[in-house]
């Protein structure tokens, strides 16, 4: 392994031989070279190069010209992703257990230099708490090969971005800085836009297309999730001209760049969804059942049916080709999805047998020709069970894990998640580990940040059965942000706008021992002229609101609830909807109906009551509002945006506190018919409507209305009208209703 010394974008022009130490130079201009100290790192290790860049920038910014820094792959056994930093006088050595360890140790050193935390540094070590820390990214590659649900503006606006090199370099640089080492890209059928398949040449798609239908009025025409409708295929527009060969070259570069940043890339599919190959479907949400009707075959006789041998043969060849096309692909994953029939007599394949023959044998076909290749496999536990999975997949030759929706769709609910208990017994029986699928289908707009919540959440994982985690959404695409009004051009990446939230899940996944003092340093670096302790406390207080609401008003899945809009796919949720909605399992919270009936029956109540949740919401919101008032007096532009998001979440908390009280009063009116309870419900609803108006107007002043793929239109003005309509509804209620 060779060494090079930083920064030398033109180092070879000086005629310096490899392994010879050079002074670090600040290249402000070629005519003014400033000596800054020695920095040595392995030239042929991209991860070390990335870390060295950040060390160099930190040294220059802090004028630390006397330090000598060496990054090295260690002879001592530190373990994967681990590092050791030692200092003797002005000499610092960063030793990594592998290339990632070198990079993480170098980034740690750069951060300590920036934070001016070198004084007591003599010998420190770092190693990963959770081995695989990932992002779940539903990737809208093309309107013809969509992701899970592309009938939302976040997907529509990001299709072209998925073919933008600058997007991926910035995205994965941020991932590496936040210590993520896995990127799972989710798409039901990526093969037509990413491969040329022998024997299926007409499947390959050139160019990149979007659908031109209006989402606000024609969302229903997009069709069932994961599939392409006739209307989408009839309303296409090319947004990028590109050949299939260029597409393949592009994704090879993306995957290599990820590898150079220590990031493993997986593709995970839903089944059976041969979009753009089979015939497009009809957009009928109510009666559509793709597996139980006859279908005219598409290209090469391929259809959506599990009993079509031509479909199975195509998938097997597509998987083989995909693996061969992308040597830097770490692995693939599958979902035995909603578009497969339940196992039943008369079908030639069970779910698992079909998936094995399509994906498992496809992998084995590739390995026959490339025996050195390993392909990690992730099998989701969804519409299947562990017994069926392991009867088929126990013979898989490479690393094999399962994936489970750990918090269902509510990552922001509670650090204590009870849903994996049954799975843990199966994992123990089959000696498996699970990726925890952390589904954030709650917070899309406002900046969130509570380190204590994230730390507790991650430390509660069942460590013996944890392969890793991947965090993301099914109802949103975390690409480039397009809803901020008066945004810079091009708009920020979501991972840049929500840097603090993404940083928390990555950094605490690597090292959950990081405490308040560390995060104060992080915030101080970002906002050097502000009252950082107040910002930390204010942001944390505001971020308590949504988890409290979700624990109280529990909805399992993405389409059931959008907490930022108090709505579901059908519209605004009123006190009637809130009254008998369950609370989170094992949360110890009574829902309004159970509370009202217990009070009327004069039962002793030991659980947390709805009114207790309202008090907690008011407390968190009050703390956040007080902090935002002070912080907004002299905030910089980025801090202003952050603090206004905190203020919005605080107003949301006040609204939900009054909504919960109104729901309880409504319940007493419903059960007793006493008008005093109706009057009380109206009093709370009117108070809540004021907070709701403040919240929606603040949000409307900064963010465009948009269509969310799973819960529909989020229109700030309409939401204000919905709250007014709710008041009129309660005014007109008859006793007992």
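Derivation of every value follows stated rules applied to the coordinates shown; laboratory data play no part. Keep in mind that what you see is a predicted model, and the values were worked out from it rather than measured. When we count neighbours, we look across all protein chains shown, and the Cβ atoms used for this are built from the backbone with ideal geometry, even at glycine.
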* To do: Any chance you could list P(r) for segment 631-686, counting all Cα-Cα pairs in 10 angstrom bins from zero, rounded to whole %?
  => 25, 30, 18, 16, 10, 1
* **Contact order normalised by residue count of the chain, Cα under 8 Å, 6+ apart, percent** => 10
* **Rounded if a/c under 1.5, otherwise prolate or oblate - segment 132-514, Cα gyration tensor axes** => rounded
* Asked: For 136, 704, what ranking results if the residue with the fewest other Cβ atoms within 10 Å of its Cβ goes first?
  -> 704, 136
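Provide the FRET efficiency to the nearest 0.05 for the residue 636-residue 456 pair, computing r from the beta carbons and using R0 = 25 Å.
With R0 = 25 Å, the Cβ-Cβ based efficiency is 0.20.
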* To do: Can you figure out the FRET efficiency of residue 516 with residue 198, using R₀ = 41 Å and their beta-carbon distance, to the nearest 0.05?
  => 0.10
* How many nm is it between the label spots at residue 429 and residue 237, if each spot is 7 Å from the Cα in line with the beta carbon? -> 5.3
* To do: Return 384, 531, 543 ranked ascending by Cβ neighbour count within 10 Å, so the fewest neighbours appear first.
  => 531, 384, 543
* Structure fact -> Pseudo-spin-label distance residue 675 to residue 419, built 7 Å along Cα→Cβ, given in nm, is 4.6
* **Ranked list, fewest to most other Cβ atoms within 10 Å of each Cβ, for 457, 50** => 50, 457
* Asked: According to a simple spin-label model (label point 7 Å from Cα along Cα-to-Cβ), what is the distance in nm between residue 206 and residue 256?
  -> 2.4
* Asked: Nearest 0.05, what FRET efficiency do residue 734 and residue 601 give at R0 = 25 Å with Cβ-Cβ as r?
  -> 0.60
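Once you sort the root eigenvalues of the Cα gyration tensor of segment 493-610 as a ≥ b ≥ c, which label holds: rounded (a/c under 1.5), prolate (a/b larger than b/c) or oblate (the other case)?
It is prolate, given that a/c is not under 1.5 and a/b is the larger ratio.
If each residue of separation counts as 0.36 nm, what is the full-extension length gain between residue 697 and residue 489 once their alpha-carbon separation is subtracted?
That works out to 72.5 nm of additional length.
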* Asked: For segment 93-179, what size does the Cα cloud have along each of its three principal axes, sorted from largest down, in whole Å?
  -> 56, 25, 19
* Quick one: work out the % antiparallel among DSSP beta bridges in the chain, nearest 5. => 40
* Asked: Which order do peptides 515-528, 177-190, 596-609 fall in by mean Cβ count within 10 Å, highest first?
  -> 177-190, 515-528, 596-609
* Average the reciprocal distances over every distinct pair of alpha-carbons in segment 536-731, invert the result, and give the Kirkwood radius in Å. => 17.2
* Name the shape class, rounded, prolate or oblate, that the alpha-carbon gyration tensor gives for the chain, where a ≥ b ≥ c are the square roots of its eigenvalues, rounded holds for a/c under 1.5, and otherwise prolate holds if a/b is larger than b/c and oblate otherwise. => oblate
